[in-house]
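Enquirer: Starting off with a structure, shown below.
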Amino acid sequence: MKYSPTDSHPEDARRNRFYAEIWPEAAMLMRTAISLMPGPGKTAEAEDLVQETLLKAFKAIDQLEPGSHPRAWLLTMLRRTWIDRWRLRERRPDGRAADLDSVAEPTFETQPGEYDEDWTDPESLLSRFGDQDIIKALQLLPEAYRWALLLVDVQALSVEEAAQALDVAPGTIKSRLHRGRAMLRDQLHGYASERGWLKSNDGHAIAEGSTHG
Amino acid sequence: MAEHQKQLDQATQGRLAKLATMPVDMSRLEKKMADALPPRSAPKPLAHPARSGGWQRIAAMFVLMAGIAGASYFAIFGVAPQGAYAMTVDQLHTYLLEHPDSAYRAQTLQQAQVLLDAQLDGSKPLPTVDGTNVASCCLVQGDFPLRAALLIERPTGSVTVIVAQGKDFAHPTEAIQHASGVELQSHSHTDTPMVMRNVDDLWVCVMGDVDESDLADVASSIRF
């Protein structure tokens with residue numbers, strides 16, 4: 001849709017443009033926000049985050065180049081809003097904001113992907129997990145990896161767009177994607193083991209930790 | 001090993017991509033946004049051109065509006081406008097039919113009424129069409145604020161319902177009386193038949209390639 005120059009009131013024109021170009025992306029923002037909120041029952045918190053993002057987008061809509069796709073722009077705005085909220089919530093007793101980057105690049109006790117050899121038929125096994133399982137596993141990933149997966153694998157941004165949104169180099173995004181997917185599989189491996197979905201090469205179910213003790 | 005890693009990555013990526021279609025309830029957020037955004041400005045009082053100034057002013061206004069509407073029409077339809085100077089109801093009807101993502105759709109009159117009410121009270125945005133004004137197809141004296149528009153799937157075809165604001169939106173030309181006692185106007189200025197009805201300063205236009213009696217049933221049944 002194009003917003004018409006015949007809109008007599010600037011606020012009406014802005015509103016029309018918002019509903020034509022931004023609002024169709026609101027469900028995408030909502031899905032991303034739900035995947036960010038740790039713990040179940042956080043829909044209201046996700047809605048607040050998306051609403052704040054959409055209101056910022058409404059105010060800044062003139063900065064969005066006419067005809068450009070707003071997805072990357074909105075996801076960048078969602079992330080900044082999320083960080084602002086996170087910093088406010090995690091504010092230290094001395095009043096200084098906590099540093100999000102200090103939790104963004106964690107060190108690992110184990111190498112991600114250590115259970116990968118158990119995934120003999122990954123597509124079939126992954127299809128058995130419901131959306132909530134995937135979200136739960138995503139929520140357990142470190143922030144930097146979760147965002148890379150959300151932007152590129154879920155919301156189909158290019159590596160370059162994600163790099164711009166997250167203010168890192170494209171190579172960093174590629175690395176985070178690879179490691180993030182491996183970490184996600186490790187989480188899901190645990191769920192699959194609990195449910196008896198994994199089979200060893202001799203056809204027996206693999207119990208949690210039985211092959212990797 | 002590298003092949004297995006590639007396969008794992010692709011499968012993981014594919015499963016994550018399915019989250020992009022996960023159903024989410026947007027109803028509460030939609031309501032919150034409607035409450036939070038600045039309200040739509042009140043429509044400007046519509047002065048009849050003949051009463052609002054001299055002929056020079058009328059001519060200047062006509063030229064200006066023809067230019068603006070012509071550009072809008074060209075942007076939407078990609079062809080030169082043929083005598084149209086604003087998006088007329090029949091153009092809007094065609095646009096909604098050809099752009100299903102832009103239109104609200106109702107299967108029943110009850111559903112249509114809910115969608116109409118929501119647009120009229122501002123809790124639902126207008127369909128994503130070009131601009132906020134619309135012109136009747138039988139007048140050349142101005143465009144009027146669009147207040148609601150949707151499609152109803154009738155057994156014999158799709159019917160467009162358009163509500164516009166403006167006492168002078170349409171000339172009462174061919175009055176017909178519906179069985180319910182409601183007075184309607186039948187129009188046949190385009191290939192697509194339409195039935196209109198006026199309540200105070202609002203007009204509803206119901207049009208589609210169906211029997212006129214079906215259009216009259218819809219026009220007489222809905223409240224606006």
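Just so it is clear, none of the values below were taken in a lab; they were calculated from the coordinates. Since we're looking at a predicted model, the values are computed, not measured. Neighbour counts are summed over all protein chains in view; Cβ atoms, including those assigned to glycine, are modelled from backbone coordinates with ideal geometry.
Enquirer: Which order, highest average first, do A:145-152, B:6-13 follow once you tally other Cβ atoms within 10 Å for each residue and take the mean per peptide? Provide the component values of the computation, followed by the final result.
Expert: Working: A:145-152: 25.0, B:6-13: 17.0.
Result, highest mean Cβ count within 10 Å first: A:145-152, B:6-13.
Enquirer: Another question, if that's okay. Hey, rough spin-label estimate for A:Asp167 and B:Ala36, points 7 angstrom out along Cα→Cβ, what's it come to in nanometres?
Expert: It works out to 2.3 nm between the two label points.
Enquirer: Could you give the nm distance between label points at B:Ser213 and A:Arg89, where each point is 7 Å from its Cα heading toward the beta carbon?
Expert: 6.2
Enquirer: So, one more: Which pairs in the list A:Lys56/B:Lys6; A:Lys56/A:Lys136; A:Lys136/B:Lys31; A:Lys59/B:Lys167; A:Lys136/B:Lys124; A:Lys56/B:Lys167 are over 30 Å apart, alpha-carbon to alpha-carbon? Intermediate values should be presented prior to the final figure.
Expert: Values: A:Lys56/B:Lys6 39 Å; A:Lys56/A:Lys136 28 Å; A:Lys136/B:Lys31 28 Å; A:Lys59/B:Lys167 35 Å; A:Lys136/B:Lys124 33 Å; A:Lys56/B:Lys167 38 Å.
From A:Lys56/B:Lys6; A:Lys56/A:Lys136; A:Lys136/B:Lys31; A:Lys59/B:Lys167; A:Lys136/B:Lys124; A:Lys56/B:Lys167, over 30 Å: A:Lys56/B:Lys6; A:Lys59/B:Lys167; A:Lys136/B:Lys124; A:Lys56/B:Lys167.
Enquirer: Quickly rank A:65-73, A:173-181 as a protection proxy: mean count of other C-beta atoms within 10 Å, highest first.
Expert: Working: A:65-73: 13.4, A:173-181: 21.3.
So the order, starting with the most tightly packed, is A:173-181, A:65-73.
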